[in-house]
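Here the structure comes first, spelled out in structure tokens, and everything after it is commentary.
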Amino acid sequence: HDAVSVIRAKRDGLQLTDGQIDWIVDAYTRGAVTDEQMSALAMAILLRGMNRDEIARWTAAMIGSGERMDFSSLTRPTVDKHSTGGVGDKITLPLAPLVAACGAAVPQLSGRGLGYTGGTLDKLEAIPGWSATLTSEQLLAQLDSVGAVICAAGAGLAPADKKLYALRDVTGTVESIALIASSIMSKKIAEGTSALVLDVKCGSGAFMKSDEDARELAQTMVDLGKDSGVRTVALLTDMDSPLGLTAGNALEVRESVAVLAGGGPADVVELTIVLAREMLAAVGMTDIDPADALADGRAMDVWRKMIAAQGGDPAADLPAATETEVIAAESSGVLARLDAMSVGLATWRLGAGRQRQGEPVQAGAGVEWHAHVGDSVRKGQPLFTLHTDTPERIPAAVAALKDGWTIAQEGKRASL
Ligand code: URA
């Protein structure tokens, strides 16, 4: 095989053979196929697509590029959840301890922010002392004792995806159903979870903007999971508006802790409970109601143990940004629209995300919005609070938010 003939085959719309796929994924991981060759192939795949056989083979090749984990020694069943990425999506933080409090083991291998979408590890690193890095032995021991782990995937897990993902991020080749499905599922299958619940996001703040594409992505991932013996279900959830009332690292930890304490925004509470029910059902634990474990503090107990087990102080004050700026409502009426992408971009510009690979993020930076879509607002009331340690970034964040919301007059409410 050679890279140019594989690229030309996909460029011309041919189906790649098993041999071509196995060879190119392996050669790329070893460095024998260059980044520029793989970016050309990724673009050909984005434009031409791959059929289900090609996607299954590609996923298997990415799994085979590294090690597989094994949780079969645990007495509790393992179940994981994956969101395809969104704005204000902090659900993993309350969800993992909640599902563990109900008796399942949750091995949540997570990532960092990508572009304007937030990353679970960046959020938890806002907690003083908390470490994202665990050895496989530490991960297993914590799953056994606490029941929930949120940590970084080790370097040995699907290394082909680590390289390819970083390349796609800078070559305009993220939004391919074939490449997203194989990227996510290679990591989840290699991780060795017995069941998986996928939260496939759809809307302005998601990689999939249309319902049809989100559905196809969901079905592709469910099929890949089932073929590998992972019980997999997918939910399609809205990402036109951001989740909760905050986006940013420490801000989202604070909101998650509020949910674990029995409060927090209703949409975050609801999605956490819906996903917890799906995760428990996927491992046959249908007699337990996660709403009870949230209400009576059991989920909060697991959260504290989970944070402490990874060196964090669950009682410590969270870092706050040095500067804030309030944006007031320009008129009275109803908040008719709040655009997830605009909020995500503003959050990122304020310093909560990275402009360059590997850059540190600001723990305190982010955006708070003071009304949900559908709430009444009065002219002059605070609509957003921007948080940052670098006030020179505020104008860029204000510009990103500028067309991100609509206040409709009360009388028009019925037509919304
Ligand atoms: N998350 C991933 O892990 N991979 C993708 O391709 C997209 C979202």
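The values are calculated or read from the model by the stated rules, or taken from the named source; none is laboratory data. Just so you know, these numbers come straight off a predicted model, no measurement behind them. Glycine also receives a Cβ, built like all others from the backbone with ideal geometry; neighbour counts cover every protein chain displayed.
Only one entry in Gly103, Gly64, Gly85 is small (Gly, Ala, Ser) and within 15 Å of the ligand (Cβ to nearest atom), namely Gly85. Does Val170 meet the test of being touching a helix residue (DSSP H, G or I) at 6+ places or on another chain (Cβ under 9 Å), hydrophobic (A, V, I, L, M, F, W, C) and surrounded by 21 or more Cβ atoms within 10 Å (Cβ to Cβ)? Judged against the criteria, Val170 is not a match.
Inclusion of Lys209 among residues that are within 15 Å of the ligand (Cβ to nearest atom), under 15 Å from the mean Cα position of the chain (by Cα) and not aliphatic (A, V, I, L, M) is not warranted.
If you check Ala258 against the conditions, is it on the phi < 0 side of the Ramachandran plot, buried (at least 18 other Cβ atoms within 10 Å of the Cβ), touching a Leu at 6+ places or on another chain (Cβ under 7 Å) and of a type outside the set (Ser, Thr, Tyr)? No; evaluated as a whole, the condition is false for this residue.
Matching residues to (1) within 15 Å of the chain's Cα centre (by Cα); (2) over 21 Å from Gly297 (Cβ atoms):
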position	(1), (2)
Pro97	no, no
Ala105	no, no
Gly111	yes, yes
Ser131	no, yes
Ala166	no, yes
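Being surrounded by fewer than 19 Cβ atoms within 10 Å (Cβ to Cβ) and assigned to a helix (DSSP H, G or I), is that true of even one residue in the stretch 374-391? Looking for residues that are surrounded by fewer than 19 Cβ atoms within 10 Å (Cβ to Cβ) and assigned to a helix (DSSP H, G or I), one finds at least one in the stretch 374-391, hence yes. Candidates in the stretch 141-157 are the residues that are modelled with pLDDT under 95 and hydrophobic (A, V, I, L, M, F, W, C); of these, the one that is nearest to Asp26 (Cα to Cα) is Leu157. When the stretch 34-44 is filtered for residues that are touching a Lys or Arg at 6+ places or on another chain (Cβ under 7 Å) and either closer than 16 Å to Phe207 by Cβ or surrounded by fewer than 18 Cβ atoms within 10 Å (Cβ to Cβ) (or both), only Ala42 remains. Looking at the structure I just gave you, is Gly119 within 13 Å of the ligand (Cβ to nearest atom), over 24 Å from Ala299 (Cβ atoms) and out of contact with any helix residue (DSSP H, G or I) (no Cβ under 6 Å at 6 or more places or on another chain)? Considered against the rule, which asks whether it is within 13 Å of the ligand (Cβ to nearest atom), over 24 Å from Ala299 (Cβ atoms) and out of contact with any helix residue (DSSP H, G or I) (no Cβ under 6 Å at 6 or more places or on another chain), Gly119 comes out as no. Only one residue in Ala178, Ala166, Ala153, Ala158 is assigned by TED's automatic domain parsing to the domain that holds Ala100, within 13 Å of the ligand (Cβ to nearest atom) and on the phi > 0 side of the Ramachandran plot. Which one? On inspection, the qualifying residue turns out to be Ala158. For the stretch 227-238, indicate whether the set of residues that are in contact with a His (Cβ under 9 Å, 6 or more places away or on another chain) and modelled with pLDDT of 95 or more is non-empty. Looking for residues that are in contact with a His (Cβ under 9 Å, 6 or more places away or on another chain) and modelled with pLDDT of 95 or more, one finds none in the stretch 227-238, hence no. There is at least one residue in the stretch 42-53 that is farther than 20 Å from Glu175 by Cβ and modelled with pLDDT of 95 or more. Just one of the listed residues (Gly229, Gly297, Gly284) is in contact (Cβ under 8 Å) with a residue 60 or more places away in the chain and surrounded by fewer than 18 Cβ atoms within 10 Å (Cβ to Cβ), namely Gly284.
If you go through the stretch 192-204 one residue at a time, how many are surrounded by fewer than 24 Cβ atoms within 10 Å (Cβ to Cβ) and closer than 22 Å to Asp80 by Cβ? Qualifying residue count for the region: 3. Scanning the stretch 185-200 for residues that are in contact with a strand residue (DSSP E or B) (Cβ under 6 Å, 6 or more places away or on another chain) and within 10 Å of the ligand (Cβ to nearest atom) turns up just one, Lys188.
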